[in-house]
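Here's the structure, in structure tokens; my notes come after.
The values are calculated or read from the model by the stated rules, or taken from the named source; none is laboratory data. The shown structure was predicted, so the numbers you read here are calculated from the model rather than taken from an experiment. Using ideal geometry, Cβ is built from the backbone for each residue, glycine included, and neighbour counts are taken over all protein chains shown.
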6 protein chains.
Amino acid sequence: MTRADGRTADQLRPVTIERGWSEQAEGSALISFGRTRVLCTASFTNGVPRWLMGKGTGWVTAEYAMLPRSTNDRMDRESVKGRVGGRTHEISRLIGRSLRGIIDTKALGENTLVIDCDVLQADGGTRTAAITGAYVALHDAVEWGRERGFIGKKALALRDSVSAVSVGIIDGEPRLDLPYEEDVRAETDMNVVVTGSGAFIEVQGTAEHAPFDRTELNALLDLAVSGTAELARIQRTALGLP
Amino acid sequence: MTRADGRTADQLRPVTIERGWSEQAEGSALISFGRTRVLCTASFTNGVPRWLMGKGTGWVTAEYAMLPRSTNDRMDRESVKGRVGGRTHEISRLIGRSLRGIIDTKALGENTLVIDCDVLQADGGTRTAAITGAYVALHDAVEWGRERGFIGKKALALRDSVSAVSVGIIDGEPRLDLPYEEDVRAETDMNVVVTGSGAFIEVQGTAEHAPFDRTELNALLDLAVSGTAELARIQRTALGLP
Amino acid sequence: MTRADGRTADQLRPVTIERGWSEQAEGSALISFGRTRVLCTASFTNGVPRWLMGKGTGWVTAEYAMLPRSTNDRMDRESVKGRVGGRTHEISRLIGRSLRGIIDTKALGENTLVIDCDVLQADGGTRTAAITGAYVALHDAVEWGRERGFIGKKALALRDSVSAVSVGIIDGEPRLDLPYEEDVRAETDMNVVVTGSGAFIEVQGTAEHAPFDRTELNALLDLAVSGTAELARIQRTALGLP
Amino acid sequence: MTRADGRTADQLRPVTIERGWSEQAEGSALISFGRTRVLCTASFTNGVPRWLMGKGTGWVTAEYAMLPRSTNDRMDRESVKGRVGGRTHEISRLIGRSLRGIIDTKALGENTLVIDCDVLQADGGTRTAAITGAYVALHDAVEWGRERGFIGKKALALRDSVSAVSVGIIDGEPRLDLPYEEDVRAETDMNVVVTGSGAFIEVQGTAEHAPFDRTELNALLDLAVSGTAELARIQRTALGLP
Amino acid sequence: MTRADGRTADQLRPVTIERGWSEQAEGSALISFGRTRVLCTASFTNGVPRWLMGKGTGWVTAEYAMLPRSTNDRMDRESVKGRVGGRTHEISRLIGRSLRGIIDTKALGENTLVIDCDVLQADGGTRTAAITGAYVALHDAVEWGRERGFIGKKALALRDSVSAVSVGIIDGEPRLDLPYEEDVRAETDMNVVVTGSGAFIEVQGTAEHAPFDRTELNALLDLAVSGTAELARIQRTALGLP
Amino acid sequence: MTRADGRTADQLRPVTIERGWSEQAEGSALISFGRTRVLCTASFTNGVPRWLMGKGTGWVTAEYAMLPRSTNDRMDRESVKGRVGGRTHEISRLIGRSLRGIIDTKALGENTLVIDCDVLQADGGTRTAAITGAYVALHDAVEWGRERGFIGKKALALRDSVSAVSVGIIDGEPRLDLPYEEDVRAETDMNVVVTGSGAFIEVQGTAEHAPFDRTELNALLDLAVSGTAELARIQRTALGLP
């Protein structure tokens, strides 16, 4: 079976990372998974919210949003509607948990990192692109804080890297990194967040049209582990790491 | 290792289901997982929202909420804050997806089912208790619609049953059905939604304090499958089914 | 004239109070006036809001809400609508005033009591059931505070008990404790809040379909005073008081 | 006992009504109860909301609000806060019920009347001044509709007039029409809405500092009945009626 | 060409200022530009918002709003809609900037002035009437603060006066002070805010139906400068200044 | 006097326009004025809002927003705050008016164009860059509609082009196209919207620190007219027009 865009079932879309896209943020990356493009910025602030003060630990949080015309049909702005929708909330929380899964908040010290992931163009996989780009922005903001002495020179604030990919079963076949047209047809859809060393941070599988069994679950996890290993390599290259 | 409440690692808390608790709703259940108590009601309406009219399919949606003093510390009401929080949105969406995973909306016909799950008392596992109780309420509301001729006599609107349970790793040990005090200590926490016939509807695993590997994931899935099989039996008993 | 449920005009519906229904709250009661069921919880906090600090007086407030399917037709959630409605506001304020009418905030000391009244099932008289149940929850929360030394051993924080009942004129006949079907037909509808010693805290009479005269007003007040005397007895029994 | 403003206990403040103050509204009145000044406008629309169409009855509703600096200390605007407060809701509903108590919605036909009562200056009794002025605005808007043929020539849309006054017990003495400084000191405070023919539309008595007994209630009602009779005369004069 | 209300092209509508209309505010004015009537109040508070504390400068801000029936068709209240509209925001900000343009916040000292401009009746030019009336209210509130010693005796908090007027091109002719019926027909519409000494604070010209050229712009500015000079004279008379 | 970035007083920052940046929108442009970068998309919909149906005219509207970390300090999202701020509203309205100033809505026919201008990076002049880029996006969306037959082949929907620039007086010197650091220091600040043929659509001058006179106003207008002429040339180049 060949996919509409010519990829094999276990192949990622072309992934590019423009590190340092923003001249304002302490860390930033404009990441593309094919036509999906997400601008990730990391804002570093010395200090923590009031309820964390004096505990010696830092705080990492994330916010996700889509531009109104990032999609094929224009969506109303959540600011105009006056409320953040359930899907937006859910993805913002997922990104935050994924990043907190690899950060050592003790080593970070009393500093706050806010990661904004704004989808400029959407074609499936926006949340996984966001997590993958957010790590690059986070990495550079942590370095920014270290250079200015807000984080200890030897503190290992980032224990590992993190990336994410979507996988799904389309027409009975497990596939990696779904664009929009595959995503809507998937019987089962899964987002998997994996560390650079190959451990799971988050596994979210959903039966969209039919329940799935243990064999299918395993096939999807295999695909996701290999896809995130490739993403980890791309992140290291973007960051100039060995 | 013994648990604080004396259970073995693979044991559910005492589960009770008061079917038909509400005299107003078309289907209802007051379900308890230990001290966690959730009132589930199913509201049946003949007809569907405007955007679905004339398509011959039904609509199922769910809303989850917690009473302000269901928890140990009183929470502010979301109505007073003027916005529904991210966690509430996320769980409402999960319950809806879980129920839509076993319902045949074609067989349901142009009818709407709204499931409300209100947590009266919370001690961990509120979303899994909600899904498990919601199925009982849904079942009875579907019967109500069938008896009144809104659903065809032979239409198999419910393809299967559905229940859910939480599992997690505490002090390195995989455990079933976590109360609040275990939930906050879990290194990894997973909610698994399973059909009566044993297939997965949703798998949501989160590394709370440490990433998890494939072996741990498998151990947790095994526990969840056995726990939901037990819950499916309890549901059948409550419904007077063989 | 006989009523649809067989009661005489001056008879209450069956009233039950499950004291201590909640294992989380400092005081609680699940109260039923016939099919109307309200869960009342009292949350005790040592300390007062900022604007009251240092004045040596306590603070008592109440919030009322209905579950979406407590009624015959499902109502939208106020959290989802993003605003608390006028009726909800009005009843919350009434419950708060009723409780403040019997509490001595000086004797209470710098402590805060928040009473939540959530209607699980509605069949008329939800606000009067809420006030009557709220008193029981309040009583136990005050005792909880006293036992822990937050309130002085001899401080008489509760000067009296309080209960409430609805009365109305249906087909020209004054009746006590209206269920929903009588409530909608009432020409005049009145909610009366009375202390255990028989004094008025609140009298709210409304001409729904026809203005009322002084004679009718007096007949309704007589009914209400006798109904609340009976409720005060039921409260004392629930609390194990002589 | 003499009052701070020199009145006797059973005397109203100077009441003035500037009928037709607005050149935009179909009916309007700028009413003063002493320093309390409320601008009441009545907006007449031919037609009713969708849910009333085809039933042959009209609709009357009211909205109350205070200008931010109508009071001694500036209040935040409810538009800026993004929500209408409980007190505002409560008073808007009271005004609406009071007007619906004297209007025959069948005779009104399928027409809508919206009454706006905006407090320009507040010194106690704003809700009673609002009701009293609203009647004058309503009267003229009904006439406006009759002159244009929207209401039948002989239809008796207004069955009676309506006015309201506050009464309270201060230092043990029942007093009529409380200004702010008496209102805050009142042990018991009551707002009474009475028709031109002397029947009650609404009786709202609240024990602010001490419960009240039947004797006190009767004394307050006597005062209110005599005060509203005087207000009815002032309304007739303003309207040029005999 | 003559205008519908008989004025010449360079003539203001009748302007009246009732200084001190409010007995509650520190400064106030009820201003009329023809049928347009705006109640302006200035609230003086000793102290500044937290973010300005200790800087030795004051704060001046303004809020504009329209009563729902100030206009020919009733508008929904912004408090009921739960949000302040774009036009309201824009005008509030314009009034605030206009007043800050003539106040010396250093000389004002750590005091706050909030100016509320509520449109009681609207017939075009509400924002320019609001600015013109707001200055009178501001002037008196500053005097109030000076008399009580909150502002230094010799501090020149108000460097100048300020007033505003609308101008526009109707049927090719530049006209001063547009009522509603001219405003909607204007090809170009301009609001000009000018100090008592004739300098510009704000110039806002908008091509409503056709772009405008430099000659037209100059003609409009000439009209506006002469109109605001007249308004400055009226302000001085209202304030009893030479 | 030389400027911090080396420009002369009458020189624009480097301006770049990436036409067609979005693969989703019918028209789009990523425009840069120096470090200020705005993504403009134009969404074309066949049909108009209900209140315009059947009138034979189209509708053009615009929404402006800033990404939270487009600025030097991160701003809270308006979606999270639950309300659109005054500045955002004001700029959205300005962009909409500017575009409507050059579009012939009759020639557009019953079609709707929504222009979204999202600031990805901000360094002063975001509203003027937005208007200038919005025109390019609008142009291409109109062409898109014409190619698909939604707009008549010969209909001249765009009567002219439009661009905008900021001008201001810094240290007494009139300057063109202010970056952030000049903007905050400007005594007077002006945004001018000009058509390709040199007529004014909007002139908004504000005295930030000192009132301005007629001579200064004229100097600023001269600068703006020459700057927008240069922008019109850059727009034509981007669009491949002669």
request  = Identify all residues within the stretch C:8-40 that are β-branched (V, I, T), surrounded by fewer than 22 Cβ atoms within 10 Å (Cβ to Cβ) and either within 14 Å of another protein chain (Cβ to nearest Cβ) or over 18 Å from the mean Cα position of the chain (by Cα) (or both); write none if there are none.
outcome  = C:T8
inquiry  = Of everything in the stretch A:147-172, what is in contact with a Lys or Arg (Cβ under 9 Å, 6 or more places away or on another chain) and either away from chain B (no Cβ under 13 Å) or assigned to a strand (DSSP E or B) (or both)? Give them in sequence order.
reply    = A:G152, A:K153, A:A155, A:A157, A:A164, A:S166, A:V167, A:G168, A:I169, A:I170, A:D171
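Taking D:G56, is it facing another protein chain (nearest Cβ under 7 Å) and over 20 Å from the mean Cα position of the chain (by Cα)? Before the answer, list the steps.
On the way: facing another protein chain (nearest Cβ under 7 Å): no; over 20 Å from the mean Cα position of the chain (by Cα): yes.
Spelling it out, it is not the case that D:G56 is facing another protein chain (nearest Cβ under 7 Å) and over 20 Å from the mean Cα position of the chain (by Cα).
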query = Of all the residues that make up the stretch F:203-232, how many are at the interface with chain E (Cβ under 8 Å from one of its Cβ atoms) and of a type outside the set (A, V, I, L, M)?
reply = 7
key: Filter pass, C:L220 being touching a residue at least 24 places away in the same chain (Cβ under 8 Å), of a type in the set (A, V, I, L, M) and touching a helix residue (DSSP H, G or I) at 6+ places or on another chain (Cβ under 8 Å)   = no
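Kindly check whether there is at least one residue in the stretch E:60-74 that is more than 23 Å from E:R146 (Cβ to Cβ), facing another protein chain (nearest Cβ under 8 Å) and in contact with a helix residue (DSSP H, G or I) (Cβ under 7 Å, 6 or more places away or on another chain).
yes
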ask   = Taking the stated definitions as given, is E:S43 within 7 Å of chain D (Cβ to nearest Cβ), within 18 Å of the chain's Cα centre (by Cα) and farther than 22 Å from D:V114 by Cβ?
value = yes
request  = Go through the stretch A:177-192 and give me each residue that's hydroxyl-bearing (S, T, Y) and in contact with a strand residue (DSSP E or B) (Cβ under 6 Å, 6 or more places away or on another chain).
outcome  = A:T188
ask   = Considering only residues of the stretch F:75-92 that are farther than 24 Å from B:G85 by Cα and small (G, A, S), which is nearest to the other protein chains (Cβ to nearest Cβ)?
value = F:G86
task = Mind listing just one residue for me: the one in the stretch B:173-192 that is within 12 Å of chain A (Cβ to nearest Cβ) and modelled with pLDDT under 95 and, of those, farthest from B:L241 (Cα to Cα)?
result = B:E187
ask   = For the stretch D:93-131, which residues satisfy the criterion of being within 14 Å of chain C (Cβ to nearest Cβ) and touching a residue at least 60 places away in the same chain (Cβ under 8 Å)?
value = D:L94, D:R97, D:S98, D:L99, D:G101, D:I102, D:R127, D:I131
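Tell me yes or no: at least one residue of the stretch B:227-236 is surrounded by fewer than 20 Cβ atoms within 10 Å (Cβ to Cβ) and of a type in the set (G, A, S).
Initially, the stretch B:227-236 is screened for residues surrounded by fewer than 20 Cβ atoms within 10 Å (Cβ to Cβ), giving B:229-230, B:233-234, B:236.
This time we only want the ones that are of a type in the set (G, A, S), so: B:229.
Scanning the stretch B:227-236, I find at least one residue that is surrounded by fewer than 20 Cβ atoms within 10 Å (Cβ to Cβ) and of a type in the set (G, A, S), so the answer is yes.
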query = Quick check, is D:A130 within 26 Å of D:G227 (Cα to Cα) and out of contact with any helix residue (DSSP H, G or I) (no Cβ under 8 Å at 6 or more places or on another chain)?
reply = no
ask   = Given the conditions (1) surrounded by fewer than 21 Cβ atoms within 10 Å (Cβ to Cβ); (2) among the aliphatic types (A, V, I, L, M); (3) over 16 Å from F:A9 (Cα atoms), and given that F:I201 satisfies all but one, which numbered condition is not satisfied?
value = (1)
query = On the given criteria, is B:E173 in contact with a strand residue (DSSP E or B) (Cβ under 8 Å, 6 or more places away or on another chain) and acidic (D, E)?
reply = no
note = By residue number, the members of the stretch D:82-103 that are under 13 Å from D:L138 (Cα atoms) and of a type outside the set (G, A, S) are D:I95, D:L99, D:R100, D:I102, D:I103
request  = Would you check if A:T215 is part of a helix (DSSP H, G or I), among the polar types (S, T, N, Q), within 30 Å of A:W144 (Cα to Cα) and out of contact with any strand residue (DSSP E or B) (no Cβ under 6 Å at 6 or more places or on another chain)?
outcome  = no
note = Looking across the stretch B:41-60 at residues that are under 15 Å from C:N72 (Cα atoms) and touching a Ser or Thr at 6+ places or on another chain (Cβ under 6 Å), the single one that is surrounded by the most Cβ atoms within 10 Å (Cβ to Cβ) is B:T41
key: Filtered residue count, the stretch A:193-202, keeping only those that are within 7 Å of chain B (Cβ to nearest Cβ) and not aliphatic (A, V, I, L, M)   = 3
ask   = What residue, among those in the stretch C:55-103 that are part of a loop (DSSP other than H, G, I, E, B) and of a type in the set (A, V, I, L, M, F, W, C), is modelled with the lowest pLDDT?
value = C:V84
remark   = Within the stretch D:142-171, the residues that are loosely packed, with under 15 Cβ neighbours inside 10 Å and either without any contact (Cβ under 8 Å) to a residue 12 or more places away in the chain or farther than 30 Å from C:Q204 by Cα (or both) are D:E147, D:R148, D:G149, D:G152, D:K153, D:K154
